[in-house]
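Below: the structure, in structure tokens.
The values are calculated or read from the model by the stated rules, or taken from the named source; none is laboratory data. Being a predicted model, the structure only gives us computed values, none of them experimental. With ideal geometry, Cβ positions are generated from the backbone for all residues, glycine too; neighbour counts draw on all protein chains shown. Remember, those area values only see protein heavy atoms, side chains included, never the ligands or the DNA or RNA. Shrake-Rupley method; radii C 1.70, N 1.55, O 1.52, S 1.80 Å.
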Amino acid sequence: MKHKFSFAAFLIPLGIRAIPEIIAGPYPIGFDPINYYIPMMLSRPSLQAIVSSSPSPLYWILQQGLFNALNPDPVILVKSLGAILAGAVALSIYGYGKRVIELSEKWSLLGALVASTYFIALRISWEEFRLMLGTVFLFTTLVMLSYQGVGPRLLSIASSFAACISHEFAAYGLLLILLSKAVSLGFRGSVAKTGRSFLYLILLDASIAFAVLLRAFDIQYSFLSLDYGAGAVSAVNPLGSSPVLLGGFALWAFLPILPLLVLTAKFHSSRSEEIIAWALSIAVTVAGIAVFFPGALYIGVRLLIFLVYPLSLLVIAGLSRVGTRNGYFSRPVMGVAVISLVVIFTFSASYIATYPENANPYFSQINRYLLYVPSSMLQNGVSINDMSSLLIAIHWVHARLAQGSVLVIHEAFEGAVALEMGYPLPPNVIVVRLGDVTLKSQQQMVDRLTSAAASASNDGRTQVYTIWWENGKGWYGISSLPSSFVNVFAEGSIGIYDYAV
């Protein structure tokens, strides 16, 4: 079959990403899918509302368009989109490896598999659907620019715009890569060979990315000055200073692939230059954040997570040329390569298929960064094992939310409550969001829950309920609620609590 490697590059990662969705059964995985994507769909916002509220709205537009047109079960839709986007990312990386880096089909496929199934990439596919969509268009743009025909180069304009309005990090990555290409053309005197029109095209695509980044910065400027975050599961306090945390996180996140990075560092050709420039620019930006903008710590961590794509490509590009350079793999090189790849794929398998309660120690006990990388894919705001109990508990409290009663919930339960009560949530449901509380102290979240419950009680509410885990099993650094919350219903590990003044 002519395109068997292309099909494999799409279908294998799609199938791998579908495994945790199948294990999770009727429940979505990922914090954002259950707490943002599904509620957004159920609220049926207008196109104008979507565009005006986000600097990168393309994913929201596509998701809402599919939901409005097909009217599917929202859970099935987000589960399907997660797997499809994972396959699309891998296919775009395969195309980039084959066309731009000029790898063989087999090496390009291996690069796509490593870049899409490394556990940090799986963490992206767990919930960062916007970033995956942006990554697809980022690599598509670079592939289109590698052609000399007018059609593909014009398509690069559309794909660069699509990348930029999918996610700000895609716009950032594309801008840096395109600027490095422009500088390289200038220094090497290649403008005469490629034509000034090609340079102008690169600068046009870069201008599109820059304009979108300016809008994103304007809309989200306040976020950059806060040490807040969202999407955390089993949150822990940030550890030490920003440089220590970011450096430690980078080492932990890429330790399994580090031997291959070192091993292949000297085997890169000019074809890898733009990927090297992309990786180095992320490293420099993260260092700048650590030193000058410690309040934007979460942005630095997310940029490091995005680093998984260029680093994976660099490893495979380097490995492919070790054999070309030496004529064969030496035994030590082959041994390190095989062991590293086995470790990487074994880690990925455990990340996909184990529950948070018995997760791989590297992702649980050794993982000091649970705020940023959850211990397992089999969770959303709670463990998949708790979802059935959570929905039963929500149904119980929903039936008792008579006039005068109120439900105060942590943001982690918002999506599950929306599945039971619809969205927008009823006015007697109060959500305490993670972004309202500094990540440096879980006690502040407890205080906010208590304060919200007390405020509702003082307003004359007959009963004020909240949802939390039983028997000290709580997540987000809060093992149990204060004694002012009295358990009135229990199902599995989940309890309903009544606030008692």
Please go through region 101-110 and pick out each residue that is within 17 Å of Arg271 (Cα to Cα) and either open to solvent by 10 Å² or more (accessible area, probe 1.4 Å) or at pLDDT 95 or above (or both). Glu102, Leu103, Ser104, Glu105, Trp107, Ser108
Given the condition at pLDDT below 95, open to solvent by less than 50 Å² (accessible area, probe 1.4 Å), more than 26 Å from Lys473 (Cβ to Cβ) and in contact with a Leu (Cβ under 7 Å, 6 or more places away or on another chain), answer yes or no: does some residue in region 320-336 qualify? yes
Within region 47-95, residues of a type outside the set (S, T, N, Q) and not in a helix (DSSP H, G or I) come out as Pro55, Pro57, Pro72, Asp73
Say we look at region 112-133 and pick out the residues that are in contact with an Asp or Glu (Cβ under 8 Å, 6 or more places away or on another chain) and not aromatic (Phe, Trp, Tyr); which of these is farthest from Val78 (Cα to Cα)? Glu128
Per the filter on region 381-401, residues open to solvent by less than 50 Å² (accessible area, probe 1.4 Å), among the polar types (S, T, N, Q) and more than 12 Å from Gly495 (Cα to Cα) are Ser383
Would you confirm whether any residue within region 34-46 is in contact with a helix residue (DSSP H, G or I) (Cβ under 8 Å, 6 or more places away or on another chain) and over 23 Å from Val382 (Cβ atoms)? yes
Sort through Ile12, Ile120, Ile19 and tell me the only one that's β-branched (Val, Ile, Thr), crowded, with 20+ Cβ neighbours inside 10 Å and within 24 Å of Ile257 (Cβ to Cβ). Ile120
If Arg271 meets every condition in (1) under 15 Å from Ser340 (Cα atoms); (2) surrounded by fewer than 22 Cβ atoms within 10 Å (Cβ to Cβ) apart from one, which number is that one? (1)
Yes or no: Lys98 outside any loop (DSSP other than H, G, I, E, B) and under 16 Å from Leu313 (Cβ atoms)? yes
Regarding region 35-46, can at least one residue be identified that is basic (Lys, Arg) and part of a loop (DSSP other than H, G, I, E, B)? yes
Residues of region 150-179 being open to solvent by less than 30 Å² (accessible area, probe 1.4 Å) and among the hydroxyl-bearing types (Ser, Thr, Tyr), in sequence order, are Ser156, Ser159, Ser160, Ser166
Which condition breaks for Arg368 when tested against (1) in a loop (DSSP other than H, G, I, E, B); (2) within 22 Å of the chain's Cα centre (by Cα); (3) under 24 Å from Gln463 (Cβ atoms); (4) of a type outside the set (Val, Ile, Thr)? (3)
Step by step: first the residues of region 1-48, then only those that are closer than 30 Å to Pro426 by Cβ and of a type in the set (Phe, Trp, Tyr), then the one that is nearest to the chain's Cα centre (by Cα). Which residue is that? Phe31
Looking at Asn385, Asn360, which is the one that is in contact with a helix residue (DSSP H, G or I) (Cβ under 8 Å, 6 or more places away or on another chain), under 15 Å from Tyr27 (Cα atoms) and of a type in the set (S, T, N, Q)? Asn385
Would you say Thr135 is touching a Ser or Thr at 6+ places or on another chain (Cβ under 9 Å), assigned to a helix (DSSP H, G or I), among the hydroxyl-bearing types (Ser, Thr, Tyr) and in contact (Cβ under 8 Å) with a residue 60 or more places away in the chain? yes
